[in-house]
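Colleague: One structure, as structure tokens, below. Some questions next.
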């Protein structure tokens, strides 16, 4: 094998990158030649500037095919003949990953795919960079030489700048058609139903408004890098000031976790690494706008390869900040791009940052549809706080709609109807009106007791986290907080929350409860709730992996800091702590021992202790079903967590669309499991609650009451419907019927229970 020849910087790094960029621009835009002749001229220009033997441009065709469109150095007969699929060969690898490859002896690389018609066996070096536009790979730029060599970092950076200019001009001149390569269709007038991921529940019907369009960059190559740097710094200052103003006007309480989300967003706008990358791109000869767009595309390609939910949230923040920065560079306030909005509208976007969502008038914004998004993203958390239905992961949504199209968003089902037919539109109107009527009816019964027709008291409690609304807790029909999710502040912060910060959040919840009980669940991070400061790593089954109690016991310092904050927050008040994801009695004992150490520490330091400490656990791992006597003898209370318990009980991943619907929560096995837990709790006189999603649906909640559950915990919006069911139910009739149904080997008891509700006048709608 020939030795690798180190490249002399005087020859490898391009001597005048600005001159090269201008030549690239001129080759693509001047003259009356055909697109093919312009590409042919372009590859010659780049090869000469790079002192390279080969320069080739591959462009993307429908079906994720890369076609050799132009080459200087390879056999001309291969042009428009050589094709590679995404992921095939070195060129396909660059296209599929969106990352560059820089190789000496490329033929030794396991991805190398030989194409005899090109004559590329003569060349022993390879550098390929993607042509990126609107987060799509529209092609690959390749440079090769006969000598085996690795190109310098400076050369690679200049090639990326060249690739950015080529991509922008190729799309702008219609050499590449983004509709064509994506396989998308232009919007039609036909009605369409599409599905996505529920990010926030509810229903809305309104015309569509597209989120502000991307800035079109007309000048790519700078005349003076120094002047572009000055423009960038000025725009960055305006950006940071606008974010400060947005946070100040948000109305969020100082220190609240929702405000912390925006504060972390502000810090990201000052990120030194992001700014330095833009400055480096400017130094190669790009305008400030082109440099921002180049870094935006490259970081999106790089970070999108990482599955961490935290990293994906950074991608969304980067998208938002990059677009806002481009507006400031153009001298336009980002909010001005919103234009005159209708009285009611549904927003459609590729992705949104939390700051972008807050720019819209919440009274007019009725729903949101996104091509991206996750349930734990910052923007989804803000949407739920604003009570705005949101559906994400709707593929190709931007190609399916135009501004003004009527749409229906059914957040609970993750369904979107675009240009709905009359029957769907009418049904949506009926449901919206019914929900409004129900809300009014529920409000009228707030002061009435939550008791069944045969005088069985059912306690209704809230599932909360992050920010506590005092109005929700003050409601007469709310008995307390059955589940305070303490992990949400961990997920909203880039760093481990301090003891003081946590204590402030917990104390705020206790004070707003005004004597009503609050059950704090220790953090349930890990699994699908990744945080940046604890490296869980890749797991084949994260739901059953290193999470919650397992992290707490393996990282006791982190857990003890949280328990210390809870003890301090409950000074002079009752403290109820619930441990999640307990699989065996020894784990509960170990968790309780750590809590006892923090209680002892508080006493030793003279800190006012809680007046009473109640310790309990979630029942969500089936192994506890076979240890109930031992468990009940140790706890003050238990709470059934149906979301995990039932997915483990049926070995069905609730995050998998293929299997998540295979079981029903009203399966006889579920009813029997719940009955066994209720029986054990009654025998040991242990308080029992239920805090899974099952409690939010009136028909399911009715079944839980029939099993003997007398305390349910749910989001605030579910209190009214569940209470209406409770006040129309006769428990004795239901218990006898449920005992009979459990003897049937049915897939689900839902239908017979719905019939029971209808026959007995139980309100379950």
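Nothing in this text is a laboratory measurement; each read-out follows from the coordinates by a stated rule. It should be emphasised that the depicted structure is a prediction, and the values quoted were computed from it without experimental measurement. Glycine gets a Cβ as well: all are built from the backbone with ideal geometry, and neighbour counts include every protein chain shown.
Colleague: Between residue 402 and residue 192, what is the label-point separation in nm under the 7 Å Cα-to-beta-carbon projection?
Modeller: The answer from the label model is 1.3 nm.
Colleague: What's the extension gain from residue 425 to residue 279 if we count 0.36 nm per residue and subtract their Cα-Cα distance?
Modeller: My answer for the length gained is 47.5 nm.
Colleague: Return the distance in nm (one decimal) between the two label points of a simple spin-label model at residue 240 and residue 114, each offset 7 Å from Cα along Cα→Cβ.
Modeller: Each label point lies 7 Å from its Cα, and together they span 5.7 nm.
Colleague: Could you tell me the center-to-center distance, by alpha carbons, between the stretch 601-629 and the stretch 441-461 in angstrom?
Modeller: Centre-to-centre (Cα) distance: 30 Å.
Colleague: Test of understanding: what is the full-extension gain from residue 233 to residue 448, defined as 0.36 nm times their sequence separation minus their Cα-Cα distance?
Modeller: Full extension of this stretch gives 71.4 nm more.
Colleague: Would you list 546, 274 from fewest to most Cβ contacts within 10 Å?
Modeller: Least crowded to most crowded, the residues run 546, 274.
Colleague: Shifting gears a bit: Would you please give the FRET efficiency between residue 434 and residue 743, computed as 1/(1 + (r/R0)^6) with r the Cβ-Cβ distance and R0 = 30 Å, to the nearest 0.05?
Modeller: Taking R0 as 30 Å, the efficiency between residue 434 and residue 743 is 0.25.
Colleague: Something else about it: Suppose each label sits 7 Å from its Cα in the direction of the beta carbon; what would the residue 600-residue 51 distance come out to in nanometres?
Modeller: The answer from the label model is 7.2 nm.
Colleague: Which residues in the stretch 409-435 have a backbone N closer than 17 Å to a point placed 7 Å from the Cα of residue 395 along the Cα-to-Cβ line?
Modeller: Label zone hits: 415-416.
Colleague: For residue 219 and residue 332, compute 0.36 nm times the residue count separating them, minus their Cα-Cα distance, and round to one decimal in nm. Walk me through the intermediate numbers first.
Modeller: Values: separation 113, 0.36 × 113 = 40.68 nm, distance 1.66 nm.
Extending this stretch completely gives an extra 39.0 nm.
Colleague: What ranking do 698-707, 218-227 get when scored by the average of other Cβ atoms within 10 Å per residue, highest first?
Modeller: Ranking, from highest mean packing down: 698-707, 218-227.
Colleague: Same structure again: If you count, for each residue, the other Cβ atoms within 10 Å and average over each peptide, how do 78-84, 618-624, 114-120 line up from highest to lowest?
Modeller: 618-624, 78-84, 114-120
Colleague: Ranked by Cβ crowding within 10 angstrom, fewest neighbours first, how are 403, 150, 549 ordered?
Modeller: Going from sparsest to densest Cβ surroundings: 403, 150, 549.
Colleague: Additional query: Restricting to the stretch 445-759, compute how many DSSP beta bridges are antiparallel as a %, nearest 5.
Modeller: Roughly 10 percent of the DSSP beta bridges within the stretch 445-759 come out antiparallel.
Colleague: What FRET efficiency would be calculated for the residue pair residue 625, residue 85, taking the C-beta separation as r and a Förster radius of 45 Å, to the nearest 0.05?
Modeller: According to the calculation, E is roughly 0.35.
Colleague: Please report 136, 679 as a ranked list, fewest other C-beta atoms within 10 angstrom at the top and most at the bottom.
Modeller: Sorted ascending by nearby Cβ count, the order is 679, 136.
Colleague: What is the spread of the Cα atoms of the stretch 9-182 along each of their three principal axes, largest first, in whole Å?
Modeller: Taking the Cα atoms of the stretch 9-182, the three principal extents are 37, 37, 30 Å.
Colleague: Can you give the FRET efficiency to the nearest 0.05 for residue 684 and residue 541, using r as the Cβ-Cβ distance and R₀ = 51 Å?
Modeller: On the way: r = 33 Å, r/R0 = 0.64.
The formula returns an efficiency of 0.95 here.
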